[in-house]
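Participant: Quick one: the structure is below, and I'll ask about it shortly.
Where a number appears in this text, it was derived from the coordinates with a stated rule and is not lab data. The shown structure was predicted, so the numbers you read here are calculated from the model rather than taken from an experiment. Cβ atoms come from the backbone with ideal geometry, glycine included; neighbour counts cover every protein chain shown.
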Amino acid sequence: MTTEAVIFDLDGVIVSTDNYHYLAWKKIADAEGIYFDREINEALRGVSRMESLDIILRKTSKIYTDEQKQELAYRKNEYYKTLLQNLNSEDILTGIMTVLEKLKKNQIKIAIGSSSKNTSLILRQIGLHNYFHGIADGNEIKNSKPHPEVFLLAAKKLGVKPEKCLVVEDADAGIDAAIAARMEVLGVGYASKNIKAHYRAEDISEKLFDKILSIDFS
Ligand code: B16
Ligand code: MG
């Protein structure tokens with residue numbers, strides 16, 4: 001396959017916001033007397049805010065109305081946004097900037113495909129707001145990962161066919177979404193153990209992309 005574009009997931013690939021998500025959900029769960037730990041938090045990777053809340057509420061027998069659920073999700077997001085104020089360019093994960101620069105230099109388009117409705121805020125915080133050729137996020141889609149919608153939208157914005165795109169993901173839901181979009185996928189971090197991914201690696205590096213895309217990065 002000739003790769004014409006690379007679509008990067010945001011949380012867990014470009015920047016690590018998982019701990020902030022955890023702290024914000026933990027605050028809500030504790031206030032509601034619901035058990036929540038870091039293992040349950042792992043199941044929320046790549047999953048939308050409301051679906052994340054539904055997973056958390058599995059630990060309680062209390063029935064919440066839609067209005068109450070909206071209120072919990074709102075409170076979680078307000079706290080999460082406060083925590084995001086701490087983010088800056090130093091939080092961009094290791095290896096990312098070198099790879100992004102080299103992809104651009106090699107005329108490979110780069111995009112973001114994220115379930116997060118806070119994508120713009122996060123990109124602004126880390127100074128990459130105007131950096132990508134295309135951004136598709138949680139505000140623009142009806143179906144979140146594992147549905148392929150966000151990646152198909154990113155490809156459309158770039159004007160690149162899905163089969164010419166490579167996705168970089170840290171979530172199992174995101175790996176499934178990329179496969180459903182008929183894209184190749186590199187599983188990193190948490191998803192480096194997912195055997196459905198075409199490529200797997202703990203961390204992102206120049207060497208890795210050199211191998212996958214056969215680019216001479218020298
Ligand atoms: P928000 P990604 C996802 O982002 C996160 O991994 C997931 O934990 C979160 O619930 C989801 O965004 C929604 O985020 O509440 O900010 O809209 O990994 O797809 O970039
Ligand atoms: Mg992610």
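Participant: Determine the equivalent ellipsoid of segment 114-160 by diagonalising the alpha-carbon gyration tensor, then write out the semi-axes as square roots of 5 times the eigenvalues, largest first, rounded to whole Å.
Facilitator: Three semi-axes, in Å: 19, 14, 6.
Participant: What number, in percent, do you get for the relative contact order of segment 33-124 if the mean sequence gap of Cα pairs under 8 Å and at least 6 apart is divided by its residue count? Don't skip to the end; give the middle numbers.
Facilitator: Numbers: 30 pairs, mean separation 28.9, N = 92.
With pairs under 8 Å counted, the relative contact order is 31 percent.
Participant: P(r) tail for segment 44-149, what percent of Cα pairs lie past 18 Å? Each step should come with its number before you reach the end.
Facilitator: Details: 3318 of 5565 pairs.
So the pairs more than 18 Å apart make up 60 percent of the total in segment 44-149.
Participant: Next question, about the same structure. Fewest to most neighbouring Cβ within 10 Å: what's the order for I135, I212, I55? Please report the intermediate quantities before stating the final value.
Facilitator: Details: I135 21, I212 18, I55 15.
The most exposed by this proxy come first: I55, I212, I135.
Participant: Now, a different point. Send over the per residue convex hull volume for segment 106-206, Cα only, as a whole number of Å³.
Facilitator: Details: hull volume 10.5 nm³, N = 101.
So the per-residue Cα hull volume is 103 Å³.
Participant: Counting Lys and Arg as +1 and Asp and Glu as -1, each charge on the Cβ, what is the dipole of the chain about the Cα centre in debye, to the nearest 20?
Facilitator: Taking the Cα centre of the chain as origin, the dipole is about 360 debye.
Participant: Another question, then. Hey, if you drop one equal point scatterer on each alpha-carbon of the chain and run the Debye formula without solvent, what base-10 log of I(q)/I(0) do you get at q = 0.13, 0.15, 0.17, 0.18 Å⁻¹?
Facilitator: Debye output, listed in q order: -0.71, -0.93, -1.17, -1.30.
Participant: Distance in nm between label sites at Y35 and S61, each 7 Å beyond Cα in the beta-carbon direction?
Facilitator: Those two pseudo-labels are separated by 1.4 nm.
Participant: Scan around D11 for amide H atoms under 5 Å from its own, H built in the peptide plane at 1.01 Å from N, and keep only partners 5 or more places away or cross-chain.
Facilitator: Here nothing satisfies the definition.
Participant: Let me ask another. In what sequence do I108, I122 fall when counting other Cβ within 10 Å, fewest first?
Facilitator: In increasing order of surrounding Cβ atoms, one gets I108, I122.
Participant: Going through the cross-link list K81/K164; K76/K104; K109/K193; K59/K193, which pairs have a Cα-Cα distance over 29 Å in this structure? Display every interim value, and only then the final one.
Facilitator: On the way: K81/K164 35 Å; K76/K104 36 Å; K109/K193 27 Å; K59/K193 27 Å.
The answer is K81/K164; K76/K104.
Participant: Ignoring everything except DSSP H segments at least 4 long, calculate the 222 nm mean residue ellipticity for the chain; use -39,500 (n - 2.57) per segment, divide by total residues, nearest 500.
Facilitator: Numbers: 9 runs with 92 residues, N = 218.
The helix contribution divided over the chain gives -12500 deg cm²/dmol.
Participant: In whole Hz, with x marking every Gly and Pro, tabulate ³J(HN,Hα) for segment 149-155 from phi via Karplus 6.51 cos²θ - 1.76 cosθ + 1.60, θ = phi - 60°.
Facilitator: Calculated HN-Hα couplings, in order: 3, 5, 6, 5, 5, 4, 5 Hz.
Participant: Then there is this: Quick query: amide H of K117 versus all other amide H atoms, modeled in the peptide plane; which residues come in under 5 Å with a sequence gap of 5 or more or a different chain?
Facilitator: So K117 has HN proximity to G138.
Participant: Relative contact order (percent) for the chain, with alpha-carbon contacts under 8 angstrom and 6 or more residues of separation? Can you show the working numbers first?
Facilitator: Working: 368 pairs, mean separation 55.0, N = 218.
Contact order relative to length: 25 percent.
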